[in-house]
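Here's the structure, in structure tokens; my notes come after.
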Amino acid sequence: MPAEAIVISRFLGTSRDSGSSRRLMGSVIQQLHRVIKNSKDITVPADIDRVTLHFKRALAMGTAAAPVVLVLDSLDQLSDEDQGRKLSWLPLAELPEHCYVVLSTLPDVGGCWDVIKGNVPADNCATVASMTADDADSVLTSWLQLAKRTVTPAQRAALLGAHAACPTPLF
């Protein structure tokens, strides 16, 4: 992928506004227009069908020199408003040329994983397994060594305790 990729990241469910597919699409449309067309005043339609059409057009604004990379974390955190978790607004089966998506979702919440598996080739999907406590300790030690940093025993215990509560390495 070229160094000039336009990377747009959204962490869904982190605020009141980040759980709506309509607002998500609107913010992505606005960001792409700002970055690619240097346009600050883009009006996003209110109608869900028109927003979806504009969103798909915006994703097609990428080029070979500057592809669009859309990273959506926690799709399962979308609301069911406007069929958000059904992902019909996201053109998984027909992504525009020069557009790439990276998605994450829990496999057993909201049905997003089933939609993704049904529309994306299996070799483009991966399940992230839990990380063992020993692996978490090794990773923490390596990060600290690379950063030339240390933590107190209490801080180390707190970090490893947080890992124990959620052992998924993406968290």
Residues satisfying the stated conditions in segment 44-64, i.e. open to solvent by less than 70 Å² (accessible area, probe 1.4 Å), in a helix (DSSP H, G or I) and either in contact (Cβ under 8 Å) with a residue 60 or more places away in the chain or of a type in the set (D, E, K, R) (or both):
Lys56
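Give the residues of segment 117-171 that are part of a loop (DSSP other than H, G, I, E, B), of a type in the set (A, V, I, L, M) and in contact with a Ser or Thr (Cβ under 8 Å, 6 or more places away or on another chain), sorted by residue number. Steps first, answer last, please.
Here is the first cut: in segment 117-171, the ones part of a loop (DSSP other than H, G, I, E, B) are 120-121, 125-132, 147-152, 166-171.
Next cut, of a type in the set (A, V, I, L, M) only: 120, 126, 128-129, 131, 147, 151, 170.
Val128, Met131, Leu170 - these are the residues of segment 117-171 that are part of a loop (DSSP other than H, G, I, E, B), of a type in the set (A, V, I, L, M) and in contact with a Ser or Thr (Cβ under 8 Å, 6 or more places away or on another chain).
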Subset tally (residues that are among the polar types (S, T, N, Q), without any contact (Cβ under 8 Å) to a residue 60 or more places away in the chain and open to solvent by less than 50 Å² (accessible area, probe 1.4 Å)) for segment 96-119
1
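Tell me the residue from Ala93, Ala122 that is over 21 Å from Gly13 (Cα atoms) and open to solvent by less than 80 Å² (accessible area, probe 1.4 Å), please. Please lay out each step first, then the result.
On the way: Ala122 fails: open to solvent by less than 80 Å² (accessible area, probe 1.4 Å).
Of Ala93, Ala122, the one residue that is over 21 Å from Gly13 (Cα atoms) and open to solvent by less than 80 Å² (accessible area, probe 1.4 Å) is Ala93.
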Tell me the residue from Asp82, Asp41 that is among the acidic types (Asp, Glu), open to solvent by 50 Å² or more (accessible area, probe 1.4 Å) and either closer than 26 Å to Cys166 by Cα or over 18 Å from the mean Cα position of the chain (by Cα) (or both), please.
Asp41
Would you check which residues across segment 104-120 are at pLDDT below 90 and over 14 Å from the mean Cα position of the chain (by Cα) and list them?
Pro107, Asp108, Val109, Gly110
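The values are calculated or read from the model by the stated rules, or taken from the named source; none is laboratory data. Predicted model only: the values in this text are computed from it and were never measured. We place every Cβ from the backbone using ideal geometry, glycine too, and count neighbours over all the protein chains shown. Accessible surface is based on the protein model in full, side chains and every heavy atom, while ligands, DNA and RNA are left aside. Shrake-Rupley method; radii C 1.70, N 1.55, O 1.52, S 1.80 Å.
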